[in-house]
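The values are calculated or read from the model by the stated rules, or taken from the named source; none is laboratory data. Everything numeric in this text was worked out from a predicted model, so none of it was measured. Ideal geometry is used to build each Cβ from the backbone, glycine not excepted, and the neighbour counts take in all protein chains shown. Ligands, DNA and RNA are stripped out before the accessible areas are found, and what is left, the full protein with its side chains, is counted by its heavy atoms. Shrake-Rupley method; radii C 1.70, N 1.55, O 1.52, S 1.80 Å.
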Amino acid sequence: MSEEPLTSYAAAEDGVAILRLERPKARNALNTQMLEEMLEHLRTAAEDEQVRALVVSSSDHMGLSAGADIREEMDEAAGIRRMQLFADLYDAITSFPKPTIAACHGDVIGGGAEIAVACDMRIGGSNLRMRFPGAALGVPVGPARLVTLCGLAAAKYLLLSSRFVSADEALRIGLVNRVAPAAGTEQAAIELAAEVAAHPPEAVARLKRMLHDWDGVESRSVKEGEGQVEWQRSGPGLPYRDG
């Protein structure tokens with residue numbers, strides 16, 4: 001574990017909070033510490049009545065996250081715990097009671113892509129390279145949120161091909177809501193969050209709850225998370241470096 005935090009969190013007076021991944025030298029590859037920190041930031045933002053919208057971003061506009069850190073040293077039990085943290089994080093973002101916007105700049109891959117599609121809205125950077133490598137790696141994750149977001153046909157295309165998707169293609173199939181210049185992706189996400197935060201929070205929360213209740217995305221996310229943890233426990237699981 002690093003002595004220094006690998007994420008940051010700040011809330012502004014306009015009601016917009018920003019959760020940033022701060023591990024650019026590792027392409028923001030998600031390790032256990034980062035997952036734990038992100039879950040704690042989400043709890044803080046959820047409990048803060050002054051926070052009306054949350055932006056998920058990174059300090060490097062060349063990438064939101066390259067996915068799970070397969071170089072993290074751990075034993076089998078730690079690998080299972082990390083996968084549980086991934087499932088918990090996806091569920092926490094999906095069920096977050098306030099609007100969430102992901103700044104999808106650069107590489108948005110694997111776990112990074114799952115974080116993005118767990119958010120309510122996404123701003124794509126012009127340098128976006130998004131990929132869902134579940135089929136290539138064998139990871140049973142993705143359908144719960146993708147089918148809701150862009151439909152069955154597009155979800156099949158994304159998951160079964162494991163192809164990289166550019167900003168233009170992501171916009172066309174509904175993966176992102178808007179495209180912004182690469183270096184301005186986070187700012188565009190913050191501006192959208194500020195627009196949402198200006199609305200009455202009770203009305204926004206009620207509408208989000210109605211949308212999720214009618215769609216069922218939260219229950220699907222929970223079920224998928226249980227499956228991915230069991231895959232790590234009894235199947236091949238994600239690779240890691242045995243410490």
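Details
- Failed item in (1) open to solvent by 20 Å² or more (accessible area, probe 1.4 Å); (2) touching a Gly at 6+ places or on another chain (Cβ under 9 Å), with Lys25 passing the rest: (2)
Here's the yes/no breakdown for (1) surrounded by fewer than 19 Cβ atoms within 10 Å (Cβ to Cβ); (2) out of contact with any helix residue (DSSP H, G or I) (no Cβ under 6 Å at 6 or more places or on another chain); (3) over 16 Å from Ala189 (Cα atoms):
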residue: His105; (1), (2), (3): no, no, no
residue: Val108; (1), (2), (3): no, no, no
residue: Ala118; (1), (2), (3): no, no, no
residue: Gly124; (1), (2), (3): no, no, no
residue: Ala135; (1), (2), (3): yes, no, yes
residue: Gly138; (1), (2), (3): yes, yes, yes
residue: Val141; (1), (2), (3): no, no, yes
residue: Arg145; (1), (2), (3): no, no, yes
residue: Gly151; (1), (2), (3): yes, yes, yes
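- Residue tally, condition on the phi > 0 side of the Ramachandran plot and either assigned to a helix (DSSP H, G or I) or basic (Lys, Arg) (or both), over the range 172-201: 0
- Matching option when the condition is surrounded by 24 or more Cβ atoms within 10 Å (Cβ to Cβ) and touching a helix residue (DSSP H, G or I) at 6+ places or on another chain (Cβ under 6 Å), among Leu128, Leu89, Leu85, Leu42: Leu128
- Within the range 202-217, the residues that satisfy the criterion of being exposed (fewer than 14 other Cβ atoms within 10 Å of the Cβ) and either part of a helix (DSSP H, G or I) or touching a strand residue (DSSP E or B) at 6+ places or on another chain (Cβ under 9 Å) (or both) are Glu202, Ala203, Arg206, Leu207, Arg209, Met210, Leu211, Asp213, Trp214, Asp215.
- With respect to the stated conditions, Gly235 is modelled with pLDDT under 95, surrounded by fewer than 16 Cβ atoms within 10 Å (Cβ to Cβ) and more than 30 Å from Asp60 (Cβ to Cβ).
- Residue in the range 45-71 that is surrounded by the fewest Cβ atoms within 10 Å (Cβ to Cβ), counting only those that are β-branched (Val, Ile, Thr) and assigned to a loop (DSSP other than H, G, I, E, B): Ile70
- Residue within the range 125-140 that is hydroxyl-bearing (Ser, Thr, Tyr), in contact with a strand residue (DSSP E or B) (Cβ under 9 Å, 6 or more places away or on another chain) and over 23 Å from Ala10 (Cα atoms) present: yes
- Pairs, first charged (D, E, K, R) in the range 45-68, second in a helix (DSSP H, G or I), C-beta under 6 Å, six or more apart: Arg52/Ala197; Arg52/Pro201; Asp60/Pro24
- Test: residue in the range 96-109 that is modelled with pLDDT under 95 and within 19 Å of Leu192 (Cβ to Cβ): no
- Test: Glu4 is among the charged types (D, E, K, R) and either assigned to a loop (DSSP other than H, G, I, E, B) or over 26 Å from Leu171 (Cβ atoms) (or both): yes
Results for (1) within 24 Å of Ala103 (Cα to Cα); (2) in contact with a helix residue (DSSP H, G or I) (Cβ under 9 Å, 6 or more places away or on another chain), shown as yes or no for each residue.
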residue	(1), (2)
Tyr157	yes, yes
Val165	yes, yes
Asp168	yes, no
Leu171	yes, no
Glu195	yes, no
His199	yes, no
Lys223	no, yes
Gln232	no, yes
